[in-house]
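Below: one structure, written as structure tokens.
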Amino acid sequence: MDTNIGRRKRATTFRRAGWLAVASMTTLALFGPAAGAAAGASGAIWTTSATCVSPAPQDQNLYAVGDTVHIRGSNFDANTALPWSITGQPGGASSDPNIIVASGNVTTDAMGAFCVAAYIVLPGDDGEYTVDVVGASKNDNYRVNGVEPSPSPSPSPSPSVEPSVEPSPTPTPVDITLWKYICPTYSVIPANVNPTNLDATGGHGGELDTSYGTAMVNPATDVPAGCTPKSGWQFTLTAGNGGAVIATPTTGDNGSVVVHLTGANADLVKNETWGSGVFVVEDVKAGYDFGALRCYTDIHNGDNLENIIGWNGEDAIACIAYNIVTPEVTPTPSPSPSVEPSVAPSVAPSVAPSVAPSVAPSVAPSVAPSV
């Protein structure tokens with residue numbers, strides 16, 4: 001909006017007011033001191049929004065943009081011209097400090113009263129304004145609430161998808177270290193709590209060493225003397241018992257391998273219910289026999305199947321598999337046949353003596369003399 005329009009209108013009003021003021025002073029000069037005295041007679045003024053057609057004895061001091069300010073007066077000298085003006089209060093009290101926004105002249109009626117539609121409140125008007133009837137030295141004030149506060153925007157309803165936009169906590173990655181050891185005998189292999197239950201050793205569970213701890217697997221303490229790490233040994237990890245395969249890692253040169261789990265697979269180890277965690281199985285190679293498998297806190301039975309659950313987010317998770325070399329089976333030698341001694345003596349004596357003597361004597365003497 002061009003706010004200068006209102007100001008240009010006001011400038012025009014000021015010029016008109018100047019001429020009216022001159023005319024008013026001319027009138028006073030013509031009528032002489034008596035007219036001046038009449039203008040100074042006792043009277044009262046007030047502002048109202050009611051039109052001049054209707055009586056409005058009540059003062060109105062609050063206006064909005066677009067309202068018409070009417071100035072009313074009573075108890076003045078009859079038939080007297082009175083100049084008036086409306087001025088913005090100074091010092092930041094109005095948006096028109098010390099500016100005359102409207103002015104003019106009004107003549108009282110035979111009863112000494114008057115009413116004038118003085119001013120339409122313009123956009124941009126705000127604050128306190130004073131109304132003066134100059135000739136009578138009468139004054140009244142009114143206020144304009146012109147600057148309306150911007151309405152607060154209605155909050156948009158939260159979209160239904162907002163909860164899903166909120167990022168879910170990122171699962172904590174987890175590392176599982178798997179170790180493989182070959183031991184000389186069953187008797188040095190650490191036993192689980194119930195090594196003969198679900199025994200996968202083929203009946204050797206009762207021979208395992210029960211002196212090892214069964215709270216949580218610790219590679220620093222759970223490796224017997226004489227057991228050596230083995231590379232190239234594979235494990236299978238699944239999501240739950242019989243679930244999808246997560247990884248099939250193979251041990252390296254030091255006999256270990258680390259499996260790094262992320263996302264949903266990492267969350268599996270936090271589950272508390274048996275059967276819902278990460279399951280570990282070692283793939284036993286030909287030429288070796290199963291000894292034991294111990295994983296994290298699953299150190300319960302003698303089977304080749306352990307379940308990693310209940311991880312607290314801090315413990316190091318380790319699994320250790322123990323095997324022995326399959327013992328070679330030495331065949332028992334068969335006993336010598338009982339007929340062997342009786343055959344050799346019976347053949348040799350009967351043939352050799354009977355042939356040699358009968359040939360040699362009869363041939364040699366008969367040939368030598370004839371030559």
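The values are calculated or read from the model by the stated rules, or taken from the named source; none is laboratory data. Because the structure is predicted, anything quoted here is derived from the model rather than measured. All Cβ positions, glycine included, derive from the backbone under ideal geometry; neighbour counts span all protein chains shown.
Here are some notes:
- Residue list for region 241-266, filter: touching a residue at least 40 places away in the same chain (Cβ under 8 Å), more than 23 Å from ALA220 (Cα to Cα) and surrounded by fewer than 17 Cβ atoms within 10 Å (Cβ to Cβ): ASN241, THR262, GLY263, ALA264
- Selection status of SER94, of a type in the set (Ser, Thr, Tyr), touching a Gly at 6+ places or on another chain (Cβ under 6 Å) and either surrounded by 14 or more Cβ atoms within 10 Å (Cβ to Cβ) or at pLDDT 90 or above (or both): yes
- Per-region count, region 237-254, residues under 33 Å from the mean Cα position of the chain (by Cα) and either among the hydroxyl-bearing types (Ser, Thr, Tyr) or on the phi < 0 side of the Ramachandran plot (or both): 11
- Of all residue pairs spaced 6 or more apart or on separate chains, those with beta-carbon atoms under 6 Å, a first member in region 208-222 that is more than 9 Å from ILE299 (Cβ to Cβ) and a second member that is part of a loop (DSSP other than H, G, I, E, B) and aromatic (Phe, Trp, Tyr) are ASP222/TYR212.
- Among the conditions (1) modelled with pLDDT under 90; (2) in contact with a helix residue (DSSP H, G or I) (Cβ under 8 Å, 6 or more places away or on another chain), PRO57 misses just one, which is (2).
- Of the candidates GLY213, GLY226, the single residue that is surrounded by fewer than 16 Cβ atoms within 10 Å (Cβ to Cβ) and at positive phi is GLY226.
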